[in-house]
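> Take this structure first; my questions come after.
What follows draws every value from the coordinates through simple rules; no lab data is involved. Being a predicted model, the structure only gives us computed values, none of them experimental. Methodologically, a virtual Cβ is constructed for each residue, glycine included, from the backbone with ideal geometry; neighbour enumeration extends over all protein chains shown.
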Amino acid sequence: MTGVEYVSGDWHGVVTSSAVALLPEKIAPGLSARVWATLEKGAGFSGLLDVLTEAYGTSLSSFPSFAVVAFDGDEARIAVRGPLTVEVIESDGTALQSIGGDRVTTWNESVVVAPRSITLIVKGVTASAEPLMMSSGVVRCSRIDTVLADATPDAERTWNAESDRSPSRAATAVSVGPPEASIENAEETAIPDKGMTVPGEEETLADPLDFEPSTDESPSSNYDDLWGATIATSVESAAVRPLAEDDVPDAATPASARQSASVVSPPILPVAILPVTRAVAAEQAPLAATMISGIPAFGVPSAVAPASASQPHPTEHNDHDGETISVAQLQRMQTTEVHAATPVASAGVKPAGKIILSTGDEAILDRTVIIGRRPRATRVPGNQMPHLLAVPSPLQDISRSHVEIRVEGSHILAQDLDTTNGTILRRVDEPPIRLHPGEATMIANHDVLDLGEGITVTFSGLS
Amino acid sequence: MSHDQAVPARIRLAWGASTDRGRRRTTNEDSFLADHPLFLVADGMGGHEAGEVASAAAISAFLPLVGNPTLSVDEVREALSAAKSTVFAIADALGSGAAGTTLTGVAVTEQGGSPYWIVINLGDSRTYMLADGVLEQVSVDHSLVQELIESGELEQSHAGVDPRRNVITRAIGAGNQGEADFWLIPANTGERILICSDGLTGELDDAAITMVLLEETGAQDAANRLVHEALLHGGRDNVTVLVVDVLGTATGESDPETAKTAVGDDYSDDTYPREQLLAGG
């Protein structure tokens, strides 16, 4: 950016070497100076939001209008809220992009690459006064024209915004004095001796034309250990997802917390193993006494692999709401081989029979079947997707997911899915019984389930 | 239960997508795919660009499926399998076993001639459904905090501030072999699907999210607004939001029984009580 031209007005124009902003006529005391400071640091739109949320909170009803253009390499990030317009002339000199801030609840954003010029305008204000020039500071204005003499960035772009700003800053074509010289309203300016309390202001404001970036408060500083150029961290710390707040210790890498001895990890990722539910790799185990910090000793050789017979499959704990049957229920059913937490996958199991619906639909019982008005399957492994059978229920007596029929070994279990109207089991030579909601019941051949509204399910071919 | 690939999708959708690196991060490790019939969000992890690469690679594995009217569960599973292979290869190439990503979202499918959603989840990104003004979290986080809640060791109300809330228990890559959870859910006219990374849910609670989804009628407006609100409320993480609206559905004419059942269901999901069946038995 090679300086700006502005036209006098009532709004606050904030100009720094890497960003330009327009703020309303009436703003919180000292706000424009804080905005100037954060933009001068290179904090861009995020920095503006920091200052504005600090002053106005997060409620949109009290949030002020703004327009901001932040330059990052050859990119310009634009955000506009309220009765303002940002007009962009692209590098080919012809295309005009206009970004308005009204008709949106929050703001509008756009990123343009290598623009030729960008103009910030207060809507409905005709700027008739002669444009004046400035390079940095705060002015009262109604329009700011940012002329980018050379759209080509001085330095090659990198992903890191912090490393990219300084080269172009020296190319200030407009020769003006310190910001004071071009400031019309001294009370709102970013002059260091005003006693403002701005983080980093001492360094930044002491010499506003010193273009060395200040990194102390940079947005990236909290995560430099993760994304900075220096990679001194160990593998396991690189795996750490940083927590959202700075004061919280590093969390652990994703590990299969419930897999216990069945965890199979590539040797490259050390995993701390704990019995039961807390196998988590942690760099520094500050999270709790439940974590083990001595990682190197716990590298799990991949040979550990298959779980012992007593280890349930890792996915089973989390799955199948309502899949559990009580011990008492099991005993009533006199089934010693059925394990509540061990649904048997369909693969390789001989079809255990079929069901015939009163609608004429049939389904082979090679896997779980869910019948209802609008049946859904919930939280199942991809290789165990149930059959979903929809049945008509004009009176909506039948629940969306009404009854689940599943195969466990050579047994068939039926379970009413906590329905409003229940499910009746009719067994030959026995009085009908209502299925216990949420509890599985063993099904015998020729049993009939009555879902209501004349919809029945008949079991056939069971061993 | 197998869908017919040749049948055009019996569902009309509108969608919007928005993403932002947030106010504190220097990179955006989220990736997303928003095109019929797939709407996915991936939140990469691993640091030093590994996260960006991993999430983008996982999403890329699903690109060949874009343009199909509907997908089968098996097609989604195969793409997921490809995604896992790619991410593991990337982790090897980067020499970082930490490279990994979450994945969640929806794919259009059919069940018995009616439009359905396949919902998929690995990790702590989330898929929600808004129907009749009520927001339902469909996916269940693979997170330590979620497991503690389910085991009764942690109250839901404390989950948002628990220091362990960013520990996930399943992912694609990141040294993890966890399997994805699947759901099959009927797709109804007027419903709105929300798919997001935890940069949204870390900043806005369900009530705030619901309010925005109800206020912003356009899908893109809703996605933008949610990302902006997350920024306003701190923007501590990358935030990605997809909003998918079901504009219309039709059921298969070849299946009259199913077609009948769908009539009227779009706007009323209540089951009406009736007299006790047992009275007659």
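> Counting other beta carbons within 10 Å of each Cβ, put B:Leu40, B:Leu94, B:Leu63 in order, fewest first.
Listed from fewest to most nearby Cβ atoms, that is B:Leu63, B:Leu94, B:Leu40.
> Place a point 7 Å from Cα of A:Ser410 in the direction of its Cβ. Which residues in region A:435-449 have their backbone N less than 17 Å from it?
What the label zone holds, given the 17 Å backbone N cut-off, is A:442-446.
> Provide the FRET efficiency to the nearest 0.05 for the B:Ala89-A:Asn383 pair, computing r from the beta carbons and using R0 = 30 Å.
So the FRET efficiency works out to roughly 0.85.
> For region A:34-122, what is the charge dipole size about the Cα centre, in debye to the nearest 20, if Lys and Arg each add +1 at the Cβ and Asp and Glu each add -1 at the Cβ?
Using only the charged Cβ atoms, the result is roughly 260 debye.
> What whole-number distance in Å separates the alpha-carbon centres of region A:405-463 and region A:1-60?
68
> Just want the ordering: B:Arg21, A:Arg103, from fewest to most Cβ atoms lying within 10 Å of their own Cβ.
In increasing order of surrounding Cβ atoms, one gets A:Arg103, B:Arg21.
> May I ask for the equivalent-ellipsoid semi-axes of chain B, computed as the square root of five times each C-alpha gyration tensor eigenvalue and listed largest first in whole Å?
They are 32, 23, 19 Å, listed from largest to smallest.
> Okay, next question. What residue among B:Asp245, B:Asp35, B:Asp74 has the largest mean-square fluctuation in a Gaussian network model of chain B, using Cα springs under 10 Å?
In the Gaussian network model the winner is B:Asp74.
> Applying the Karplus parametrisation 6.51 cos²θ - 1.76 cosθ + 1.60 with θ = phi - 60° to the phi angles of region A:39-46, what ³J(HN,Hα) value in whole Hz is obtained for each residue in order, glycine and proline being reported as x?
Taking θ as phi minus 60°, the curve returns 5, 5, 6, x, 6, x, 4, 4 Hz for region A:39-46.
> So if R0 is 51 Å, what FRET efficiency would A:Ser59 and A:Arg434 give, r being the distance between their Cβ atoms, rounded to the nearest 0.05?
0.45
> Follow-up question, since we're still on this one. Where does the charge balance sit around A:Val104 when Lys and Arg score +1, Asp and Glu -1, over other residues with C-beta under 13 Å from its C-beta?
Taking every Cβ under 13 Å from that of A:Val104, the sum is -3.
> Could I ask something else about it? Could you work out which residue, out of B:Glu191, B:Glu150, B:Glu110, moves most in a Gaussian network model of chain B, that is, has the largest mean-square fluctuation with Cα springs under 10 Å?
Looking only at B:Glu191, B:Glu150, B:Glu110, the biggest GNM fluctuation is shown by B:Glu150.
> Please build a GNM for chain B, connecting alpha carbons under 10 Å apart, and tell me which residue among B:Val243, B:Val76, B:Val167 fluctuates the most.
Answer for the Gaussian network model of chain B: B:Val167.
> Please give the helix B:206-215 orientation as an angle from the longest Cα principal axis of chain B, in degrees from 0 to 90, rounded to the nearest 10.
The two axes meet at around 60 degrees.
> Could you check the spin-label model distance between B:Asp74 and A:Lys26? Points 7 Å from the Cα along Cα→Cβ, value in nm.
6.8
> Using the 10 angstrom Cβ neighbour count as an exposure proxy, how do B:Trp117, A:Trp36, B:Trp15 rank, fewest first?
Taking fewest neighbouring Cβ atoms as first place, the list is B:Trp15, B:Trp117, A:Trp36.
> If you average the C-alpha positions of region B:110-145 and of region B:15-86 separately, how far apart do those two centres end up, in angstrom?
16
> Next question. Multiply the residue gap between B:Asp132 and B:Glu155 by 0.36 nm, knock off their C-alpha separation, and tell me the result in nm, one decimal place.
The span from B:Asp132 to B:Glu155 would gain 5.5 nm if fully extended.
> Here's a follow-up. If each of A:Thr105 and B:Leu63 carries a label point 7 Å out from its Cα toward its Cβ, how far apart are those two points in nm?
Between A:Thr105 and B:Leu63, the label points sit 3.3 nm apart.
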